[in-house]
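The block underneath contains the structure these notes are about, expressed in structure tokens.
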Amino acid sequence: MQKLLIKNIGGLVNVRETAPERVAGREMNELNVLHDAWMAVENGIIADFGTMENWPGISDWTGLEILDAEEGYIFPSWCDSHTHIVYAGSREGEFVDRINGLSYEDIAARGGGILNSAARLADAGEDELFESALRRLKEVIALGTGAIEIKSGYGLSLESELKMLRVISRLRSAVNIPVKATLLGAHAVPAAYKNDKDGYIRLITQELIPAVAAEKLADYCDVFCERNYFTPEETIHILETGLKYGLSPKVHANQLSASGGVQAGVKVGAVSVDHLEYVGDEEIAALLNSTTMPTLLPGAAFFLGLPWPPARKMIDAGLPVSVATDYNPGSSPTGNMNQMVSMLCITHRMTPNEAINAATLNAAAAMDLSATHGSITPGKVASFFITQPMPSVNYLPYSFGSNLVKEVWINGKKL
Ligand code: NIG
Ligand code: FE
């Protein structure tokens, strides 16, 4: 039986005796930080916490391990609900093309973008994809991420989509954090179906989704609902088919235009709609009548030079907001959640409290993990990180670009 007591915690962040599934509107600004605190962990689970002046009355000290946090802050692990970390090669050539004036859509129209990654992935073996994705996964865990979602979507054929999802299964077995898998067959129309989009949609709905469900390779089904990609009607058709096979819907929505992706997601009861650069009153009204989590991906908006989503307006209207990295080779080549939290504050005018709730509790909800992750709550898993000593919780987003994560603990074990 493991018994761990952590003392001298400068601030224990997002402490909740009992945690709601998510926080919305004004509640997003409520973040309880217990200063000068201790936390007890038993068998990988958070058992209790308090302040140092009320040192816990422990009846049995045998086998008790004591750790000194040395005034560092403890945060519940970041949850990253949207990544594409299984990929081959990289796309810094397109990065330079954009600096020289081409847009993301111009590059896609030339056969670059997602189709560029699909061509490279088709040639890559499963082992090589696994090794490179595992490196990225370990990198983000060391930066504080304690639960992650990973998408397919660079396969765009039955064989290659299954290859990507099998790699994601192997990643799940290789690390001790939750890894959720998403089928994103509808990420783009592959070159082989250039003049037969309906044929590709039939491949997704009649072959790919059933095969993925039969092998239990995915939790979610996602669609890139955007002009030149998939329409709202096609999105709904694909996601409803996924639902019949037990895959919960997610949508890449309103990234490059007011695509109708948000409304399509709400219509099918999506767990989350992600990106949201082109969101206005209609989308906000649709989301207010739903349980769908609006998820912001500031890394992609920044990297592609897109307008910021109206985060302030969404929260002020009463919505919840979560944040993810979108770690992928084309639009967000980073998986650093600390950086996303800083960006929400700096560019989206969210308070540090709102940004931290977005990256923990609401991010857990965006992948159905709020029962076990997203806050410091007795009964939840002891997955957290310890920072360098900080003057206040606001110091983490303020220190953008610095890495303040000193130690990572997953399920009560030090990394
Ligand atoms: O979430 N928007 C669509 N899909 C990815 C980018 C994929 C790529 O460019 O490789 C995204 O930004
Ligand atoms: Fe994405």
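The values are calculated or read from the model by the stated rules, or taken from the named source; none is laboratory data. Everything quoted here is computed from the prediction, not taken from an experiment. A quick note on method: Cβ atoms are made from the backbone with ideal geometry, for glycine too, and the neighbour counts reach across all protein chains shown. With ligands, DNA and RNA removed, areas are computed over all heavy atoms of the protein, side chains included. Shrake-Rupley method; radii C 1.70, N 1.55, O 1.52, S 1.80 Å.
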*Out of Asn336, Asn289, Asn32, any idea which swings most in a Gaussian network model of the chain, alpha carbons joined below 10 Å?*
Asn289
_Fraction of accessible area attributable to carbon and sulfur, the chain (%, probe 1.4 Å)_ = 50 percent
_Exposed trypsin sites (Lys or Arg not before Pro) absent - longest run of the chain, DSSP non-H/G/I/E/B, at most 14 other C-beta within 10 Å_ = 228-348
*Using only the Cα atoms of the chain, build the gyration tensor, take square roots of its eigenvalues as a ≥ b ≥ c, and label the shape rounded, prolate or oblate: rounded if a/c is under 1.5, else prolate if a/b is larger than b/c, else oblate.*
prolate
_Selection from Met340, His187, Gly11, by position along the positive dipole direction of the chain (Cβ)_ = His187
*In region 78-365, what percentage of the DSSP-assigned beta bridges are antiparallel, given to the nearest 5?*
5 percent
*Rounded tilt (10° steps) of 337-348 against the dominant C-alpha axis of the chain*: 80 degrees
*Using all C-alpha to C-alpha distances in region 195-345, build P(r) with 10 Å bins and read off the rounded percent in each one.*
12, 39, 35, 13, 1
*What net charge do the residues around Gln255 carry, taking every other residue with its C-beta under 9 Å from that of Gln255, with Lys and Arg at +1 and Asp and Glu at -1?*
-3
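Would region 87-238 count as rounded, prolate or oblate if I go by the C-alpha gyration tensor, calling it rounded below 1.5 in a/c and otherwise prolate when a/b exceeds b/c, oblate otherwise?
Values: a/c = 1.78, a/b = 1.15, b/c = 1.55.
Oblate is the answer for region 87-238, as a/c is 1.5 or above yet b/c matches or exceeds a/b.
Return the calculated 222 nm mean residue ellipticity for the chain, to the nearest 500 deg cm²/dmol, obtained by summing -39500 (n - 2.57) across DSSP H runs with n ≥ 4 and dividing by the residue count.
-9500 deg cm²/dmol
Just the accessible area per residue of the chain, please: how many Å² with a 1.4 Å probe?
38 Å²
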*Within a Cβ distance under 10 Å of Gly318, other residues only, what is the Lys/Arg minus Asp/Glu net charge?*
-1
*Treating the angle as unsigned and between 0 and 90°, give the value, to the nearest 10°, between the Cα long axis of helix 114-123 and the longest Cα principal axis of the chain.*
90 degrees
*Remind me, relative contact order of the chain in percent, using alpha carbon pairs under 8 angstrom and six or more residues apart?*
22 percent
_Can you find, among Ala69, Gly113, Gly199, the residue sitting farthest towards the positive end of the charge dipole of the chain, where Lys and Arg contribute +1 and Asp and Glu -1 at Cβ?_
Gly199
*Report, ordered by chain and residue number, the lysines lying within cross-link reach of Lys406, taken as a straight Cα distance under 20 Å and ignoring same-chain residues fewer than 8 apart.*
Lys7, Lys138, Lys414
*Ignoring ligands and nucleic acids, what accessible area does Glu234 show with a 1.4 Å probe (Å², nearest 10)?*
40 Å²
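Distance check, please: which entries in Lys3/Lys413; Lys151/Lys313; Lys244/Lys267; Lys151/Lys267; Lys197/Lys244; Lys197/Lys267 exceed 19 angstrom between their Cα atoms? Let's see the in-between values first.
Values: Lys3/Lys413 11 Å; Lys151/Lys313 29 Å; Lys244/Lys267 15 Å; Lys151/Lys267 22 Å; Lys197/Lys244 22 Å; Lys197/Lys267 23 Å.
Correct reply: Lys151/Lys313; Lys151/Lys267; Lys197/Lys244; Lys197/Lys267.
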*Give the distance, in whole Å, between the Cα centre of region 200-229 and the Cα centre of region 294-324.*
26 Å
